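Read through the structure below, which is laid out as structure tokens, and then see the notes.
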Amino acid sequence: FPSHDSAIKYFNISTEVNPDLNAQNTYQIGLCYGRYKNDLPKAIEYLNKASALDPTNLQIKEDLGVAFAMSNQPNNAIPIFRSILSSQPQYLNVIYNLSLAYRSLGRIDSAEYYLKVAQSLNPQTQQ
């Protein structure tokens, strides 16, 4: 795509043409806003919509949690990460992100606990 704005436009058109793609397209729009346009409030808006449309999609939830964490909203990220771990307890990225979210709140004991869990699954995980 020549620009991220064009990508967003095409995802919206695609959704109009094929509503079955609504969750995935909404997710992609959220990623465009978050990763490429650095507009985290818009990213959160679209990732929330995508998660509501496809509540079992753990990747959407993970990216929503990351967007909250990057927006300095770890209190919103933590329940999302914990809900993912309730169904996928060895989801390494989520465990590590949960550790970071707790650390940003100053909850060092919880942060260290989840970091140790991540390291037990992958010894390469950074402190």
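The values are calculated or read from the model by the stated rules, or taken from the named source; none is laboratory data. The model shown is predicted, which means the values in this text are computed figures rather than measured ones. With ideal geometry, Cβ positions are generated from the backbone for all residues, glycine too; neighbour counts draw on all protein chains shown. Note: accessible area is taken over every heavy atom of the protein model, side chains too, but ligands, DNA and RNA are not part of it. Shrake-Rupley method; radii C 1.70, N 1.55, O 1.52, S 1.80 Å.
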Inset, instruction - Go through the range 73-99 and count every residue that is open to solvent by less than 30 Å² (accessible area, probe 1.4 Å), among the small types (Gly, Ala, Ser) and out of contact with any Gly (no Cβ under 7 Å at 6 or more places or on another chain). - result: 1
Inset, instruction - Could you look through the range 33-42, keep only residues that are in contact with a helix residue (DSSP H, G or I) (Cβ under 6 Å, 6 or more places away or on another chain), modelled with pLDDT under 95 and of a type outside the set (D, E, K, R), and pick out the one that is least open to solvent (accessible area, probe 1.4 Å)? - result: 34
Inset, instruction - Count, please, the residues in the range 43-63 that happen to be surrounded by fewer than 19 Cβ atoms within 10 Å (Cβ to Cβ) and β-branched (Val, Ile, Thr). - result: 1
Legend entry - Index of the failed condition, residue 70 passing every other in (1) open to solvent by 50 Å² or more (accessible area, probe 1.4 Å); (2) closer than 21 Å to residue 24 by Cα; (3) within 12 Å of the chain's Cα centre (by Cα): (2)
Legend entry - Qualifying positions in the range 81-91 - in a helix (DSSP H, G or I), of a type outside the set (Lys, Arg) and more than 11 Å from the chain's Cα centre (by Cα): 83, 85, 86, 87
Inset, instruction - Go through the range 111-127 and count every residue that is of a type in the set (S, T, N, Q), in contact with a Leu (Cβ under 8 Å, 6 or more places away or on another chain) and open to solvent by less than 90 Å² (accessible area, probe 1.4 Å). - result: 2
Legend entry - Pair list, Cβ < 8 Å and 6+ apart or interchain, from the range 55-80 residues that are outside any helix (DSSP H, G or I) to residues that are of a type in the set (A, V, I, L, M, F, W, C): 57/23; 57/50; 71/40; 71/44
Legend entry - Residue, nearest to residue 57 (Cα to Cα), within the range 100-110, restricted to residues that are in contact with a helix residue (DSSP H, G or I) (Cβ under 7 Å, 6 or more places away or on another chain) and open to solvent by 40 Å² or more (accessible area, probe 1.4 Å): 100
Legend entry - Residue satisfying all of: in the range 1-32; open to solvent by 60 Å² or more (accessible area, probe 1.4 Å) and β-branched (Val, Ile, Thr); modelled with the lowest pLDDT among these: 17
